[in-house]
Amino acid sequence: DVVETQEHYKSRWRSIWIMYLTMFLSSVGFSIVIMSVWPYLQKIDPTADASFLGWIIASYSIGQMVASPLFGLWSNYRPRREPLVVSTAISVAANCLYAYVHVPHSHNKYYMLTARALVGFGAGNVAVVRSYIAGATSLTERTSAMANTSACQAVGFILGPVFQTCFTLIGEEGITWKLVHLQLNMYTSPVLFGALLGVINIILIFAIFRDHRVDDMGRQCKSINFEGEESGVLDQDAEGNVDRVAVVAINFLFFVILFVFAVFETIATPLTMDMYSWTRKEAVFYNGIILSVVGIESVIVFLVVKTLSKKTGERAILHGGLLIVLVGFFILLPWGKKLPNIQWQEIKNNSIPRTISTEMLMPFWSLQAMQLPSNHTVEPVGCPVTQSWCLNTPMIYLAQYISSDILIGLGYPVCNVMSYTLYSKILGPKPQGVYMGWLTASGSGARILGPVFVSQIYTHLGPRWAFSLICGVVVVSLLLLEIVYKRLIAFSVRYGRMQE
């Protein structure tokens, strides 16, 4: 056993902080342009419609889903600096491509689609980040480190739109640098800023990041990831098989957690427009405030859960988080007798009909970009008669909706952190890159399928069916958690090397 030196401890935590920054920048890369994608797309390519916008938004998650296992596999056999630098460089290049999608004379929308897919591909490095943190922390440090990682990711999602708002001061025209055909405006400045942050991240990875590894008890040990030590061997704690049942169970639970949250964030705007007769502008504004508060709530929960888990353990907190999410969606079920206001007037000549499924293919940030002018003097509001359930489904009261937002904003971050923490502990000292890649891919897949679920079930059958099915999925998850509860233990505990 190699006792960790003070110098190793400091270097290890400096490297972990670089991973926090990488996670933050990855989420900023997604959210920093999400509000301006639609108007920019219309400006560069008038042939693009809302359906294509849905594909552009989804391309990020698709790219990340494909890349995560690949970068994870790479990090298992080579120094982690390599996949981290390459993935970040891909994101930088993709952001630069996004800034130049106005240059081609045709097919501009496909260049934008490619740029966003490549940004998502570069974001596949979150699998490398989490696998590194799992290998560079002891069991006692793991929950706190994973919570900090998720908090950095959440802060990135929150601050991205804030950065975008600041760049709107430049305006649509901005400044043109003709020599290199660069337009510096409210659409391109955010991605160029993101590219600059990526370059800084690469410099910090080269200057500060070092591959470190400790075992579950915090003892320094060799790893194949150390540069120049590829022939090094893992410590004896790596002996033993991973509990594959527990691994599959956590992947399923994580998929469900991301799936229900994707449903939650995408349904916010259409639900409030239907139930409370809000205009597009009102729905975007009020939901932006509500979901921003939920985001801040989530960051606080990430920080609190670190302390709470030391007293109760990760499994109990995951169980409690799923129960809170279940109550949050159960509250959303229509219970009263009052029906929502019916929108009898059909929306015509509008670029994005209220009933189109792709309106629900996007998280709430992208909906903020869809404030399209209507050809009507007065925008029709209420629950559209084209959705037949509007005629017989009771409305969901505003108090129900806000209460649900608070509960889901409490339960989701709890489940998110505990899933990653339990997963990394179950895997133990073995290289976790591929496993973390699959977990990240399952989350990306959930973010793609969640909005599709909303677009079909909510639009055609209404909120009662949509939220009942979500409740059913969460109940199944709780039952699965009960079945595998005793198996969700750390690798070292399972093989008797540590006490739980």
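The values are calculated or read from the model by the stated rules, or taken from the named source; none is laboratory data. What you are looking at is a predicted structure, and each value in this text was computed from that prediction instead of being measured. Backbone-built Cβ (ideal geometry, glycine too); neighbour counts: all protein chains shown. Remember, those area values only see protein heavy atoms, side chains included, never the ligands or the DNA or RNA. Shrake-Rupley method; radii C 1.70, N 1.55, O 1.52, S 1.80 Å.
The residue list Thr22, Thr5 contains one member that is within 27 Å of Val129 (Cβ to Cβ), open to solvent by 20 Å² or more (accessible area, probe 1.4 Å), polar (S, T, N, Q) and in contact (Cβ under 8 Å) with a residue 60 or more places away in the chain, which is Thr5.
Being assigned to a helix (DSSP H, G or I), more than 18 Å from the chain's Cα centre (by Cα) and within 29 Å of Cys221 (Cα to Cα) is a description that applies to Trp17.
Of all the criteria given as (1) at pLDDT 80 or above; (2) aromatic (Phe, Trp, Tyr); (3) open to solvent by 20 Å² or more (accessible area, probe 1.4 Å); (4) in a loop (DSSP other than H, G, I, E, B), the one not satisfied by Phe226 is (1).
With the condition kept exactly as written, say whether any residue in the range 199-206 is touching a helix residue (DSSP H, G or I) at 6+ places or on another chain (Cβ under 7 Å), at pLDDT below 80, under 27 Å from Ile296 (Cβ atoms) and open to solvent by less than 40 Å² (accessible area, probe 1.4 Å). No, because not a single residue in the range 199-206 is touching a helix residue (DSSP H, G or I) at 6+ places or on another chain (Cβ under 7 Å), at pLDDT below 80, under 27 Å from Ile296 (Cβ atoms) and open to solvent by less than 40 Å² (accessible area, probe 1.4 Å).
Of the residues screened, Lys430 is not one that is open to solvent by 10 Å² or more (accessible area, probe 1.4 Å), under 18 Å from Ser150 (Cβ atoms) and in contact (Cβ under 8 Å) with a residue 60 or more places away in the chain. Pairing each residue of the range 62-79 that is more than 11 Å from Ala127 (Cα to Cα) with any residue that is acidic (Asp, Glu) and open to solvent by 60 Å² or more (accessible area, probe 1.4 Å), provided the two are 6+ apart or on different chains, yields C-beta distances under 7 Å for Pro79/Glu227. Could you grab me the full set of residues in the range 266-285 that are open to solvent by 30 Å² or more (accessible area, probe 1.4 Å), part of a helix (DSSP H, G or I) and out of contact with any Leu (no Cβ under 9 Å at 6 or more places or on another chain)? Those that are open to solvent by 30 Å² or more (accessible area, probe 1.4 Å), part of a helix (DSSP H, G or I) and out of contact with any Leu (no Cβ under 9 Å at 6 or more places or on another chain): Lys281, Glu282, Phe285. Quick one: is Val263 in a helix (DSSP H, G or I) and at pLDDT 80 or above? In short, yes. Going by what's in this entry, would Val126 be described as under 14 Å from Leu21 (Cβ atoms) and of a type in the set (Val, Ile, Thr)? Yes: the conditions hold for Val126. Between Thr386, Thr377, Thr307, the distinction of being within 30 Å of Thr421 (Cα to Cα), among the β-branched types (Val, Ile, Thr), surrounded by fewer than 20 Cβ atoms within 10 Å (Cβ to Cβ) and at pLDDT below 85 belongs to Thr307 only.
Is it true that some residue in the range 74-86 is within 23 Å of Gly445 (Cβ to Cβ), in the same structural domain as Gly194 (by the TED database) and in contact with a Phe, Trp or Tyr (Cβ under 6 Å, 6 or more places away or on another chain)? The answer is yes, given that some residue of the range 74-86 is within 23 Å of Gly445 (Cβ to Cβ), in the same structural domain as Gly194 (by the TED database) and in contact with a Phe, Trp or Tyr (Cβ under 6 Å, 6 or more places away or on another chain). Could you check Tyr435 against (1) of a type in the set (Ser, Thr, Tyr); (2) over 25 Å from Ala67 (Cβ atoms); (3) open to solvent by 40 Å² or more (accessible area, probe 1.4 Å) and say which number it fails? Only one criterion in (1) of a type in the set (Ser, Thr, Tyr); (2) over 25 Å from Ala67 (Cβ atoms); (3) open to solvent by 40 Å² or more (accessible area, probe 1.4 Å) is unmet by Tyr435, namely (2).
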